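Before I ask anything, here is the structure I am working with.
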Amino acid sequence: MKKKLSSHAVSGLFVFLLLGVFAVFSTVMVLLGVKAYRGAVERTEAHNASRISSAYIRSMLRADDEAGAFSVESCEGLVGDPGSEETVSVNSLTLRNDYGEEYITRIYVYDGSLREWFTRASEPFHPDRGEVVCPADELTAELTGSLLTVHLRTGDQTQDVLLSLRTKA
């Protein structure tokens, strides 16, 4: 009778150990899957931000490709609450349009985002209130004749947008 009890206890222990090993390996597989998924999502987001920023800049520039519409500027803007505002300098790609009154669109990077500011030319510039387009850390632009070169940096990735304007600046 004693032999049956010890045999039964050993088989129960074996099943318990087998169940424990299965649980450990299942947990390891789930953790590895989560890590792989996070890496894929981060790579996809970085790629999409890069594509969005270049497509956005190209479409904005092609839509407003008129003589004298473009300029590359270092703009002074006001940030903060009214009464306690401070002045900041921002590199901006500026597009000018006349809709009976002059309006400007500024494309710039502020606080880790590529932003757009559309307003009357007479209104003060507030870089912190611009519409966020996508993540970006730095924008530099150069207009040489009819060739516009825009460099966008997001983290360790750099995106260059080269556009030959149909009209001269």
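Can we say Gly83 is outside any strand (DSSP E or B), touching a residue at least 60 places away in the same chain (Cβ under 8 Å) and more than 25 Å from Ala46 (Cβ to Cβ)? Before the answer, list the steps.
Details: outside any strand (DSSP E or B): yes; touching a residue at least 60 places away in the same chain (Cβ under 8 Å): no; more than 25 Å from Ala46 (Cβ to Cβ): yes.
Here the answer is no, as Gly83 does not meet what is asked.
Kindly provide the set of residues from the stretch 136-147 that are in contact with a Phe, Trp or Tyr (Cβ under 7 Å, 6 or more places away or on another chain) and closer than 18 Å to Arg62 by Cα, ordered by number. Spell out the reasoning first.
Of the stretch 136-147, the ones in contact with a Phe, Trp or Tyr (Cβ under 7 Å, 6 or more places away or on another chain) are 139, 143.
Hit for the stretch 136-147 is Leu143, nothing else.
Looking at the stretch 50-80 only, could you name the residues that are assigned to a strand (DSSP E or B) and modelled with pLDDT of 85 or more?
Kept after step one, since they are assigned to a strand (DSSP E or B), are these residues of the stretch 50-80: 70-79.
Hits for the stretch 50-80 are Val72, Glu73, Ser74, Cys75, Glu76, Gly77, Leu78, Val79.
When you go through (1) of a type outside the set (Asp, Glu); (2) closer than 30 Å to Arg43 by Cα; (3) out of contact with any Lys or Arg (no Cβ under 7 Å at 6 or more places or on another chain); (4) modelled with pLDDT under 90 one by one for Thr167, which number turns out not to apply?
(2)
Could I ask something else about it? Quick one: would you say Tyr37 is among the aromatic types (Phe, Trp, Tyr), at pLDDT 85 or above and over 30 Å from Tyr108 (Cα atoms)? Can you show your working first?
Working: among the aromatic types (Phe, Trp, Tyr): yes; at pLDDT 85 or above: yes; over 30 Å from Tyr108 (Cα atoms): yes.
Against the criterion (among the aromatic types (Phe, Trp, Tyr), at pLDDT 85 or above and over 30 Å from Tyr108 (Cα atoms)), Tyr37 qualifies.
On the basis of being touching a Cys at 6+ places or on another chain (Cβ under 7 Å), touching a residue at least 12 places away in the same chain (Cβ under 8 Å) and hydrophobic (A, V, I, L, M, F, W, C), does Leu148 make the cut? Give the steps one after another, and end with the answer.
Numbers: touching a Cys at 6+ places or on another chain (Cβ under 7 Å): no; touching a residue at least 12 places away in the same chain (Cβ under 8 Å): yes; hydrophobic (A, V, I, L, M, F, W, C): yes.
No: the conditions fail for Leu148.
Considering only the stretch 96-114, how many residues are in contact (Cβ under 8 Å) with a residue 24 or more places away in the chain and more than 27 Å from Ala46 (Cβ to Cβ)?
2
The values are calculated or read from the model by the stated rules, or taken from the named source; none is laboratory data. Being a predicted model, the structure only gives us computed values, none of them experimental. Quick reminder, even Gly has a Cβ in these numbers, built from the backbone with ideal geometry, and neighbours come from all protein chains shown.
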